[in-house]
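Working notes, structure below.
Read-outs: derived from the displayed coordinates by stated rules, not from any lab. Nothing here was measured: the structure is a model prediction, and the numbers come from that model. All Cβ positions, glycine included, derive from the backbone under ideal geometry; neighbour counts span all protein chains shown.
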Amino acid sequence: MSRTIITASVDASIYEQYASLNTGQDEILEVGKKQHLLTGTNGRARSLIKFTLTDLVGAPTTSAAYLNLKVANATKLNQDALVYIFPASRSWDEGSGYFEQRPIKNSDDGSTWTTYASASNWSTAGGDFTTGSGHITSGLVVSASVADIKNNELKINVTPIIQPMISASVVETVNLTGASYNDDPTITHATNANVAVGMLVVGTGIPAEATVASVTSNTIFELSVATTGGSKTSQALTLTENSTISNNGLVMTFLGSATETNRGQNITLVGPSDGKDVGNIKFFSRNTQTIHAPTLELSWLNHSIVTGSLKTLPSLDIEIAPRNMKAKYRAGEVSKMYFTVRDRYPAKTFANTRRFDNRYYLPPSGSTYTIVDAGSGTTTVPFDEYSHLDCDVTGSYVMLDTKPLHKNRFYDLSLKVVLSNEVYFSRPFRFKVV
């Protein structure tokens with residue numbers, strides 16, 4: 001198994017024009033611009049979302065993490081508009097409010113534009129989050145274009161944020177160029193604003209375990225010890241620092257166009273005052289009554305291939321059928337689903353074995369599967385490099401994990417096999433989760 005999918009544990013939207021409104025139980029998450037229904041004044045809308053990551057601890061550090069969001073509605077978007085994801089820098093409460101609550105209630109019952117919990121204000125209105133501008137957090141921000149929305153689904157690679165949260169640490173690396181020094185602690189270098197006290201310094205003539213003792217300017221810092229080996233010029237130095245990062249969840253912001261700056265933090269509030277949302281995306285929240293709650297997907301490569309006496313597939317003139325598939329699986333069940341692979345028209349021979357027994361294993365590099373919700377057509381597991389088939393001496397199999405699947409729904413599992421220039425798609429095999 002090389003994919004784990006979990007659902008958001010808490011989420012909420014916060015609105016600049018409804019600064020005291022909590023929406024922790026709303027079925028929708030919003031980002032972009034939101035006009036006040038009475039005044040017509042434009043304001044920003046952001047979303048907070050958090051996943052419980054304990055089930056992901058121990059997964060390979062090479063795993064890729066994806067935030068999967070289902071679009072409920074989108075209005076007046078530029079094709080170069082961006083959705084930005086930041087790590088929240090403090091914990092927050094979900095609350096029990098709704099956007100359509102009138103008059104506004106529960107104003108102190110969770111996160112709002114001004115508060116992160118009851119009577120507790122954000123340091124900056126609109127949420128406290130790592131902007132990616134600091135020396136230790138420059139990589140902790142990701143974005144996705146609205147042009148990446150396919151079939152009303154937005155999949156955002158959040159690996160740079162989630163992996164440090166899982167490990168509870170992040171390593172910052174700063175590469176300096178043009179460094180000069182001469183048997184003393186003073187080092188001059190090309191302009192770089194990310195040098196910070198305590199960073200480990202590695203380079204020619206730099207003693208082991210030497211660190212940055214103080215920073216004089218963007219081009220000068222003092223080392224904790226003197227350099228050795230005489231005068232050095234135009235040197236390349238590597239500076240590293242370890243820091244802890246807590247799982248306080250994610251903050252989603254919106255950048256209306258490529259001409260706007262500051263990663264959606266100061267979104268330009270322009271547009272017609274016609275009482276409608278301007279540049280706005282609504283996603284389903286964890287409280288949706290549909291199957292489209294936000295999910296976090298962790299994927300990694302983990303092939304297990306033991307072919308035994310099984311033969312290499314000679315062609316795609318084959319029949320594939322599940323050997324031990326059940327009509328119903330319990331929610332949370334994990335099991336191997338084996339497949340029989342045989343010739344479509346077995347040659348007639350005189351032997352003491354059946355012609356219709358499993359004979360082949362599916363090619364490891366070209367065999368994948370997909371799982372689709374039969375009712376809605378929503379793809380839970382796509383055909384990709386992580387949805388590969390494995391094999392043992394009895395045959396090829398899918399490691400079926402029903403944890404991300406919904407109870408009392410039917411799902412279709414299909415196989416895709418690529419051999420040379422040919423592609424084979426199996427019929428869908430339907431099962432129910434109970």
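Brief remarks on what is shown
- Sequence-distant aspartates and glutamates (8 or more away, or on other chains) whose Cα lies within less than 15 Å of residue 33: 16, 260, 274, 277
- Net charge, residue 387 excluded, C-beta distance under 12 Å - Lys, Arg +1, Asp, Glu -1: -3
- Globularity ratio of region 303-433, using Cα Rg and 2.2 N^0.38 Å: 1.08
- With loop membership from DSSP and a limit of 10 other Cβ atoms within 10 Å, the longest segment of the chain without GluC sites (Glu not before Pro) is 210-434.
- The alpha carbon centroids of region 193-209 and region 371-434 are separated by 50 Å.
- Scanning the chain for trypsin sites (Lys or Arg not before Pro) in DSSP loops with at most 16 neighbouring Cβ atoms within 10 Å leaves 106-275 as the longest stretch between them.
- Among the listed pairs 76/403; 282/432; 76/407; 70/328; 311/336; 50/407, those beyond 32 Å (Cα-Cα): 76/403; 76/407
- Mean projected area in nm² (Cα convex hull; one quarter of hull surface) for region 170-244: 4.2
- Choice from 198, 230, 279 with maximal GNM fluctuation in the chain (Cα, 10 Å cutoff): 230
- Charge tally for residue 285 (other residues, Cβ to Cβ under 11 Å; Lys, Arg +1; Asp, Glu -1): -2.
- Length gained on full extension, residue 335 to residue 209, computed as 0.36 nm times the residue gap minus the Cα-Cα distance: 40.4 nm.
- Each other residue within a Cβ distance under 13 Å of residue 247 adds +1 if Lys or Arg and -1 if Asp or Glu, for a net charge of +1.
- Annotation: amide H of residue 321 within the under-5 Å range of 340, sequence separation 5 or more or interchain, hydrogens built in the peptide plane.
- Options [x] 1.20; [y] 1.05; [z] 1.08 - which one matches Rg/Rh (Cα atoms, Kirkwood Rh) as calculated here: [z]
- Residue-span extension gain [residue 409 to residue 317] - 0.36 nm each, minus C-alpha spacing: 29.8 nm
- Residue-averaged [θ]222 nm for the chain, counting only DSSP H segments that reach four residues, each worth -39500 (n - 2.57): -500 deg cm²/dmol
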